[in-house]
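Readers should treat all values here as calculations from the given coordinates under stated rules, not as data from a laboratory. All figures in this text were calculated on a predicted structure; none of them were measured in a lab. Cβ placement follows ideal geometry from the backbone for every residue including glycine, while neighbour counts extend to all protein chains displayed.
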């Protein structure tokens with residue numbers, strides 16, 4: 001849904017609730033919407049907020065450090081096999097893909113770089129440059145393969161999913177009302193406390209529904225294992 005139509009609905013509701021604020025500032029509403037979207041996207045790993053970059057990086061022989069996008073967080077998300085504990089960062093050699101294993105900076109720099117030769121990377125870490133900005137460091141440094149380079153792909157939640165133009169499309173699934181109610185609650189704060197409380201309550205219900213929708217879309221569910229009666233042992237089933 002276009003941001004413009006969401007703002008139209010918000011403006012109509014705001015004007016109706018507070019007659020002395022008929023001339024609602026659209027720029028204020030857009031700014032509030034952007035802030036609320038960022039807050040919402042940071043609550044959990046929503047499917048709609050995930051960003052897949054293919055490729056994030058094309059490697060160069062012998063080069064181990066590569067800048068990441070400006071809106072990159074601390075790491076790629078979890079979700080790969082086994083058990084959903086692998087960070088979703090992949091190395092593609094042109095014919096096959098494999099997960100790169102994440103290490104903390106302290107673990108990563110315990111590797112012996114002096115003795116290592118260029119080869120297929122299998123570990124990575126994410127660090128921040130002194131001037132700001134994230135970069136990825138590979139171990140070992142990449143060699144050249146048949147395609148002259150590897151590509152690195154990844155799935156992450158951007159640190160900034162803000163909206164700046166009314167012609168943009170909201171990333172939320174369908175016609176979810178949560179942002180409308182969040183924006184209205186923020187807008188009425190200090191203007192009309194009764195309206196603020198009303199829209200905060202509505203937004204809370206919308207959030208529960210959005211979480212439920214995402215949970216239903218997952219194929220994994222919890223189920224007791226046979227033979228463990230009276231215990232708390234559960235298994236993941238697909």
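Quick look at the values:
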read-out: Taking 87, 102 and counting other C-beta atoms within 10 Å, the order from fewest to most; value: 102, 87
read-out: Neighbour-count order for 12, 170, fewest beta carbons within 10 angstrom listed first; value: 12, 170
read-out: Separation of the residue 143 and residue 25 label points, Cα + 7 Å toward Cβ, nm; value: 6.1 nm
read-out: Residue order, fewest to most surrounding Cβ atoms within 10 angstrom, among 123, 149, 16; value: 16, 123, 149
read-out: Quotient of Cα Rg and 2.2 N^0.38 Å for segment 51-156, N being how many residues it contains; value: 1.01
read-out: Using a Förster distance of 35 Å, the FRET efficiency for residue 106-residue 44 (Cβ separation, nearest 0.05); value: 0.80
read-out: Sorted peptide list for 108-114, 31-37, criterion being average Cβ within 10 angstrom, highest first; value: 31-37, 108-114
